[in-house]
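To start, the structure itself, in structure tokens.
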Amino acid sequence: MTEHAWSLDTLAIHAGQPPEPMSGAVMQPIVLASTFAQEAPGKHKGYEYSRSGNPTRRALETCLAALEGAKHGFAFGSGLAASATLLHTLGPGDHLVCGDDVYGGTFRLFDKVGRPMGIDATFVDMTDPGRVRAALRPTTKLVWLETPTNPLLKLFDIAAVAEVTRAAGVPLAVDNTFATPVLQRPLELGATVVVHSTTKYLNGHSDVVGGALLTSDPALAERLAFLQNAIGAVPSPFDCYMVLRGLKTLGVRVRQHVASASRIAERLHEHPAVLRVMYPGLPDHPGHAIGKKQMRGPGGMISCELRGGLDAAVRMLGRLELFHCAESLGGVESLAEHPAIMTHASIPPEQRRAIGIGDGLVRLSVGLEDLEDLWSDLARALAG
Ligand code: P1T
């Protein structure tokens, strides 16, 4: 197959998924086998043991790599399993630089797991790439960013940060979970490796926890292949199948998430109960111009600060009927959550406040329900 010539919507349906040779089945078989018969010791058909490699996982890894324009893909049992495996490319005495606004679990991984391993981390606001340069040390082995960030929806200029990391010879990891490859392709902008929580938009139906790493760097790919097998944080074949199934509609889903979120963000912006709306599609967003440059749409996530602070946020979340109050994002159903109490509780309160995660902050994952139904739910919850 000449997959490289196809557009993303086509790759999402076909990449890594030729019809099954025996029956012609057009959907990938779920190969549950934990082990594979060998003709003679060491003489096998490419699979030995399902932790090391599995045909259903291989199909997913090939498809995800194609979507990100990567040569190599690695799937994991969760987004954090992918991140933890990447963290293991560093060792005691090494240092990493991370964006100041990341998923709470990513902060916790670097702060509470990496530091005891002897890996120091510096968190910096990367809206000025000069701060990344200033934070680099001779021992820096990884620069990590999310854009758009979770939960503040800040945008960092991937190409500008990549220029800094390339000059220093340090790999750049970009967590592309919020944007998806439909809206942003970090490897084309100079990133070394893309990180995903496939739990979110890629699977898209809130029924799988998974993760992935995608890279075209041969040395990093070799190390990741070793670590994926040696650490063993791999996904089940069934979960791989589920993500492959979800991926087939990724393009249409993400375009609709963007269309609905854009309208809701505009309306929230005008709402008297809302102090501030964080959405890259709004012209007053500080990263609006960067978004136009590096993204094909501002995404389906919106954060907003309510005038009434914590009480107003908790009241609003309690009044919503269609939006579920729940962690996670990127599914067909709309979700709302309170970052300070829920997804970012693992960040110390003073640090949360310092970066702008206030007690009145509410994060919305705008789903695929009817736009007017969603708006009437939000308007009712914000009223009074
Ligand atoms: O939950 P898991 O599949 O392990 O993925 C972790 C992760 C990594 N990167 C980003 C940007 C994320 O948002 C997450 C998980 N986030 C949530 C559960 C959340 O509600 O924000």
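Just so you know, all these numbers are worked out from the coordinates, no wet-lab data involved. All of these numbers come straight from a predicted model, not from anything done at the bench. Cβ: placed from backbone, ideal geometry, glycine included. Neighbour counts: every protein chain shown.
Of Gly190, Pro19, Thr127, which is farthest towards the positive pole of the chain's charge dipole, taken about the Cα centre with +1 and -1 on the beta-carbons of Lys, Arg and Asp, Glu respectively? Of the candidates, Gly190 comes out farthest on the positive side. Each of Leu275, Gly367, Ala354 was scored by the projection of its Cα onto the charge dipole of region 258-384, and the greatest displacement toward the positive side belongs to Ala354; charges sit on the C-beta of Lys, Arg, Asp and Glu. Near Asp120, once Lys and Arg are set to +1 and Asp and Glu to -1 for all other residues with Cβ below 14 Å from its Cβ, the sum equals +2. Counting only alpha carbon atoms, the long axis of helix 237-247 and the longest principal axis of the chain meet at about 50°. Note on Ala167/Ala354: beta-carbon distance plugged into 1/(1 + (r/R0)^6) with R0 of 25 Å gives a FRET efficiency of 0.30. Mean projected area of the convex hull spanned by the Cα atoms of region 71-189, taken over all viewing directions: 7.0 nm². Any lysines with Cα under 24 Å of the Lys292 Cα? List them, leaving off those in the same chain fewer than 8 positions away. Counting by Cα, and skipping residues close in sequence, Lys292 has these lysines nearby: Lys154, Lys200. Ranking Tyr201, Val332, Leu310 by how far each Cα lies toward the positive end of the dipole of the chain (charges on Cβ) leaves Tyr201 at the top.
The charge dipole of region 1-154, taken about its Cα centre with unit charges on the Cβ of Lys, Arg, Asp and Glu (plus for the first two, minus for the last two), comes to roughly 400 debye. Val362: net charge of surrounding residues, Cβ under 14 Å, Lys/Arg +1, Asp/Glu -1, itself excluded? With Lys, Arg at +1 and Asp, Glu at -1, the neighbours total -1. Sorted ascending by nearby beta carbons within 10 Å, beginning with the fewest, Val113, Val174, Val182, Val31 become Val113, Val31, Val182, Val174.
Which of Ala273, Ala191, Ala219 moves most in a GNM of the chain, Cα contacts under 10 Å? The residue with the greatest mean-square fluctuation here is Ala219.
Taking 4 °C and 1.567 mPa s as conditions, region 150-245 diffuses translationally at an estimated 88 µm²/s according to Stokes-Einstein applied to its Kirkwood radius (Cα pairs).
Relative to the dominant Cα principal axis of the chain, helix 158-168 is inclined by about 60°.
For GluC sites (Glu not before Pro), the sites in region 36-86 that DSSP calls loop and that have at most 10 other Cβ atoms within 10 Å are Glu39.
Cα centroids of region 269-284 and region 84-134: 30 Å apart. What separates the Cα centres of region 158-183 and region 211-259 is a distance of 17 Å.
Apply the a/c threshold of 1.5 to the C-alpha gyration tensor of region 266-384 and tell me whether it is rounded, prolate or oblate. Taking the square roots of the gyration eigenvalues as a ≥ b ≥ c, region 266-384 is rounded.
Given the chain reduced to its alpha-carbon atoms as identical point scatterers, what log10 I(q)/I(0) does the Debye formula return at q = 0.09, 0.14 Å⁻¹? So the normalised log intensities are -0.51, -1.21.
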